[in-house]
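**Q** Here you go, one structure.
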2 protein chains.
Amino acid sequence: MTSWQATELSALTVGVLGGTGDQGRGLALRLGLAGVPVVLGSRDPARAQAAAADLPEDVHGTDNRSCAGEASVVVVAVPWQGHAALLAEVAAELTGKVVVDCVNPIGFDKQGAYPLPVAEGSACQQAAALLPASYVVGAFHHLSAVQLLDPAREEIEGDVLVVGDDRAATDLVQSLVGLIPRLRGIYAGRLRNAGQVEALTANLISVNRRYKAHAGIRVTDV
Amino acid sequence: MTSWQATELSALTVGVLGGTGDQGRGLALRLGLAGVPVVLGSRDPARAQAAAADLPEDVHGTDNRSCAGEASVVVVAVPWQGHAALLAEVAAELTGKVVVDCVNPIGFDKQGAYPLPVAEGSACQQAAALLPASYVVGAFHHLSAVQLLDPAREEIEGDVLVVGDDRAATDLVQSLVGLIPRLRGIYAGRLRNAGQVEALTANLISVNRRYKAHAGIRVTDV
C-alpha cells in the first residue's frame, strides 16, 4: 500500500469493496482497461477471485478487509443495506485513504424507485461519520452497470458528479474518472450536498422505465 | 380561461407567479418568443406590467391572483420563503389547473449552497398538499436565468426534468418545454422524487462557482 498523496495516479491500486456486484465489476473493468491495478473485495474471497478472472489482467480478488488494506483508494460499491456494517468492519484499514462512496440508498415499490431516508443525510455522510480518519468522496452514482459491463462499448458517455470536503481527494477522484474514455469527473459540491446526488438515481430509474434507456447525466456549460 | 385538457398547446395562456424575478422573466421571455401567451403575476401589478413591457408582445402583467385566474397553466417562480403563503392565497384560482413548480428550497452560507429541509419532502409536494384540486408538476429547476434572459442566445442547451403524478399534466409540461428551441422535457418520476431534483440546484451552484459556468444538465441515452 502506498500513500495516495505521494503517488502518481497510474501507480495507485484501487480497491472495490462489494466488487462482485454489477456496479463494482463494471467499475473494475473500466479502471482495469485504463491500466489501473484493481483489487476486488467480497465477503467471500473465492467469489471475488472468480469475478476478477473475467476482468483485465491487473485485477485480482480477495476478501473485503484485505482489499481495503491493499488499496490506497477504495470504492464502496456494496448494497445500501450492508453499507454501515462493512465500513465499521474495515475502518482501521481505511485510515488515511480516499474512500469513494457510490452507494445509492434507494427503495422500490409498485410505483418505482424512491430515496430512502438516511439519518446522516446521505450514504456519503454516513461513511464520513464512520470513517473520521479517511477522506470520503462521493462519485460514480449515475453510471449504468449495463453500459460499464458491455464489452462492445469502448466509451462511457456521461459526467460523474464528485462531491467531497477535501480538495486533494476530490481532485484525485476526478482524475481517476478521467482515465475512463469520454467520462468526466465534475466537482459538484461538498459532502453535505451528496444526498440529492445519490437520490437522483431514483429519477434516472424512472427515466429508464419510461424511455427504455440506461440514462446518465451530463453537466452543460462546463 | 380555457381548460388545459381540451385546448391546443399553442392556445393556452401560461401564467407565471412571481413573474418579476429573474427565473420568472426568463421563462416568460422564452415562452413568449415561442408564441405562447404569457401573463406575469406579482404582488405589485405595476411591477409586473413594467417587467412585461420589456418582453414579447403577447406577455402582459397583473397581480398574482388575476394571473392565476387568467391562465390555464401556472408556473410558480416565487422565492421559497413566499411559496406556501402565495399558493394558499391563490388556491381557489388554481383549481383544476396545471401548476408547474420550479422553486428550489436552497440555503446559502460561507461554504455555498445547500438544500433546506422541507416538511412535505419538497416544494412540489408542499404545493400538492396546499393545492389538492390542482395538477402539480415539477419542472424548470435547473435552467440558468442568466442564459434564459440573454438576448443573444437563441437556444437553451439542456434537459428539463419533469416530475409529477398525472400523466396528462406531465405530458403537457414536456410539450411546453419542447417549444423552447433545443430544450427537452424528460419525464423523471413521480412527485415523491421531486426533492432531489430541487436540491440538485445546490450542486449546480457549486459547479458554477468552481468552473465559472451557468451549468445545467442533460440526460444521456434518451
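**Q** Do we have any residue at all in the stretch A:11-21 that's surrounded by 21 or more Cβ atoms within 10 Å (Cβ to Cβ) and in a helix (DSSP H, G or I)?
**A** No - not one qualifying residue is present in the stretch A:11-21.
**Q** Among the residues of the stretch B:29-45, which ones are touching a helix residue (DSSP H, G or I) at 6+ places or on another chain (Cβ under 8 Å) and open to solvent by 60 Å² or more (accessible area, probe 1.4 Å)?
**A** B:ARG43
Quick grid of which residues meet (1) closer than 18 Å to A:LEU172 by Cβ; (2) of a type outside the set (A, V, I, L, M, F, W, C):
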site	(1), (2)
A:ALA127	yes, no
A:PRO132	no, yes
A:TYR135	yes, yes
A:GLY138	yes, yes
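**Q** Hey, can you tell me all the residues within the stretch B:88-105 that are in a loop (DSSP other than H, G, I, E, B) and either in contact (Cβ under 8 Å) with a residue 12 or more places away in the chain or among the acidic types (Asp, Glu) (or both)?
**A** B:VAL90, B:ALA91, B:GLU93, B:LEU94, B:THR95, B:GLY96, B:LYS97, B:CYS102, B:VAL103, B:ASN104, B:PRO105, listed by residue number.
**Q** Which members of the stretch A:201-222 meet the condition of being more than 7 Å from every other protein chain (Cβ to nearest Cβ) and of a type in the set (A, V, I, L, M, F, W, C)?
**A** If the condition is that a residue be more than 7 Å from every other protein chain (Cβ to nearest Cβ) and of a type in the set (A, V, I, L, M, F, W, C), then A:LEU204, A:ILE205 are the ones that fit.
**Q** Condition first: within 9 Å of another protein chain (Cβ to nearest Cβ) and part of a helix (DSSP H, G or I). Now tell me which residues in the stretch A:171-200 satisfy that.
**A** A:ARG192, A:ASN193, A:GLY195, A:GLN196, A:VAL197, A:GLU198, A:ALA199, A:LEU200
**Q** Taking B:TYR135, is it surrounded by fewer than 21 Cβ atoms within 10 Å (Cβ to Cβ), among the aromatic types (Phe, Trp, Tyr) and at pLDDT 95 or above?
**A** Against the criterion (surrounded by fewer than 21 Cβ atoms within 10 Å (Cβ to Cβ), among the aromatic types (Phe, Trp, Tyr) and at pLDDT 95 or above), B:TYR135 does not qualify.
**Q** Limited to the stretch B:106-132, what total is found for residues that are in contact (Cβ under 8 Å) with a residue 40 or more places away in the chain, under 17 Å from B:LEU94 (Cβ atoms) and part of a loop (DSSP other than H, G, I, E, B)?
**A** So the count comes out to 1.
**Q** Of the residues in the stretch B:133-170, how many are touching a residue at least 12 places away in the same chain (Cβ under 8 Å), outside any strand (DSSP E or B) and within 14 Å of another protein chain (Cβ to nearest Cβ)?
**A** Residues flagged as touching a residue at least 12 places away in the same chain (Cβ under 8 Å), outside any strand (DSSP E or B) and within 14 Å of another protein chain (Cβ to nearest Cβ) within the stretch B:133-170 amount to 15.
Condition check ((1) open to solvent by less than 40 Å² (accessible area, probe 1.4 Å); (2) part of a helix (DSSP H, G or I)) across all residues:
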site: B:LEU27; (1), (2): yes, yes
site: B:ARG47; (1), (2): no, yes
site: B:PRO56; (1), (2): yes, no
site: B:ARG65; (1), (2): no, yes
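**Q** Name the single residue, out of those in the stretch A:181-205 being β-branched (Val, Ile, Thr) and open to solvent by 10 Å² or more (accessible area, probe 1.4 Å), that is farthest from A:ASN104 (Cα to Cα).
**A** Out of the qualifying residues, it is A:ILE205.
The values are calculated or read from the model by the stated rules, or taken from the named source; none is laboratory data. Everything numeric here is computed off the predicted structure, so don't read it as measured data. Methodologically, a virtual Cβ is constructed for each residue, glycine included, from the backbone with ideal geometry; neighbour enumeration extends over all protein chains shown. Surface areas here come from the heavy atoms of the whole protein model, side chains and all, with no ligands, DNA or RNA. Shrake-Rupley method; radii C 1.70, N 1.55, O 1.52, S 1.80 Å.
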